[in-house]
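**Q** Pasting in a structure now, in structure tokens, and then I'll have a few things to ask.
Each value in this text was obtained by applying a stated rule to the coordinates, not by laboratory testing. Given the structure is predicted, the values throughout are model-derived calculations rather than measurements. Please note: Cβ atoms are built from the backbone with ideal geometry, for glycine as well, and neighbour counts cover all protein chains shown.
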Amino acid sequence: MSDLESIPGPLPRHVGIIMDGNGRWARSRGLPREEGHARGADSVRTVVRAARKIGVQALTLFAFSSQNWDRPPEEVFHLMQLLRRYLIQERSEILDNGIRLTTVGDTQRLPDYVRSPLVELMSASADNDDMVLCLALSYGGREMIAKAAAAMCRAAVAGKLDPATVDPEVFGSYLESSNLLPPMDLLIRTSGEHRISNFFLWEIAYAELHFTEKLWPEFERADLEAALRDFGSRERRFGLTSDQIARLPARPAAGDEEGTSAASSSG
Ligand code: IPE
Ligand code: IPE
Ligand code: MG
């Protein structure tokens, strides 16, 4: 509880992190990029642990993009090995801490030696409900939107969906993320880059964005707390005026199910 009290303002229900800068961290130390990725995996441990303690409901980590498959094969292989090791080493901590592991992305493309511990841990943790940890793997925001559009077209052709009824809510329900995760309230990107790089696109319509110069291997609990404090200080207006927002009932604390329509919905 003291952890929760240390962050003023509302907590985001769902935090997304574009974990960037592993290569630059290594290069600046004269180390191979692989070393940066290994240190990045340590940051993942730290941040998952901190988010769970602080009381964040859902954390999505951008671990490997659809476009990252085009990196040199040795680097892709190393990242896959690291992912496998992470899933095996963190298994007990994830299960012991009530964390439910899930994924978004084209996980069919992952090698069996990653998919098998991934599927196993997703299934073993399926009943946990203290926090959702979502790994975005082989993930592309545009790819996910195209996939949802294809599913919607199939439903229309099959006569199960009337195109006249399609609105953002209907479309959003076809996205993989919508069944798994609350709306993304806060998106963090490390390493000083100010871009989205094909991470969640549709879902960040009203997310607050937090950019930090810190490279991912240097990212610590204090940096997560700084991002959460930054979030807590923002006025989210969702297209309304400040006066209108001030008149709305306060947004519920993280953990409550429903908020007021404008102040709690981010997409
Ligand atoms: C993020 O670090 C990890 C992945 C994208 C898999 P990078 O490997 O992109 O590091 P930089 O951006 O080259 O420093
Ligand atoms: C985004 O980082 C992908 C992940 C963090 C997994 P990249 O390093 O691939 O993005 P760009 O190339 O800088 O846009
Ligand atoms: Mg990068």
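**Q** Which length gain, in nm to one decimal place, applies between Glu143 and Ala250 when the Cα-Cα distance is subtracted from 0.36 nm times their residue separation?
**A** Extra length available between Glu143 and Ala250 comes to 34.9 nm.
**Q** Which value, in debye to the nearest 20, gives the size of the charge dipole of the chain about its Cα centre, when Lys and Arg are +1 and Asp and Glu are -1 at the Cβ?
**A** Rounded to the nearest 20 debye, it is 500 debye.
**Q** Near Asn128, within a Cβ-to-Cβ distance under 11 Å, what is the net charge of the other residues, with Lys and Arg +1 and Asp and Glu -1?
**A** -2
**Q** Between Ile245, Ile99, Ile17, find the one with the highest GNM mean-square fluctuation for the chain; connect C-alpha pairs within less than 10 Å.
**A** Ile245
**Q** Once you have the Cα-Cα distance between Thr165 and Arg234, take 0.36 nm times their residue separation minus that, and quote the gain in nm to one decimal.
**A** That pair, Thr165 and Arg234, stretches by 21.4 nm at full extension.
**Q** Another question, if that's okay. In percent, how large is the relative contact order of the chain, given Cα pairs closer than 8 Å and 6 or more residues apart?
**A** So the answer I get is 28 percent.
**Q** Could you work out how much longer the chain between Met122 and Trp69 gets when fully extended? Use 0.36 nm per residue separation minus the Cα distance between them, nm to one decimal.
**A** Extending this stretch completely gives an extra 16.8 nm.
**Q** Sequence neighbours fewer than 8 away in the same chain don't count; with that in mind, list the lysines whose C-alpha is under 28 Å from Lys214.
**A** Within reach: Lys53.
**Q** Tell me the relative contact order for region 133-207 as a rounded percent, counting alpha carbon contacts under 8 Å between residues six or more apart.
**A** 42
**Q** With a 10 Å cut-off between alpha carbons and a GNM built on the chain, which of Asn128, Asn22, Asn179 moves the most?
**A** Asn179
**Q** In square nanometres, what is the average projected area of the Cα convex hull of the chain?
**A** The orientation-averaged projected area of the Cα hull of the chain comes to 15.5 nm².
**Q** Answer with one residue from Phe77, Ser6, Val47: the one whose Cα lies farthest towards the positive end of the charge dipole of the chain, charges on Cβ with Lys, Arg +1 and Asp, Glu -1.
**A** Farthest along the dipole direction, towards plus: Phe77.
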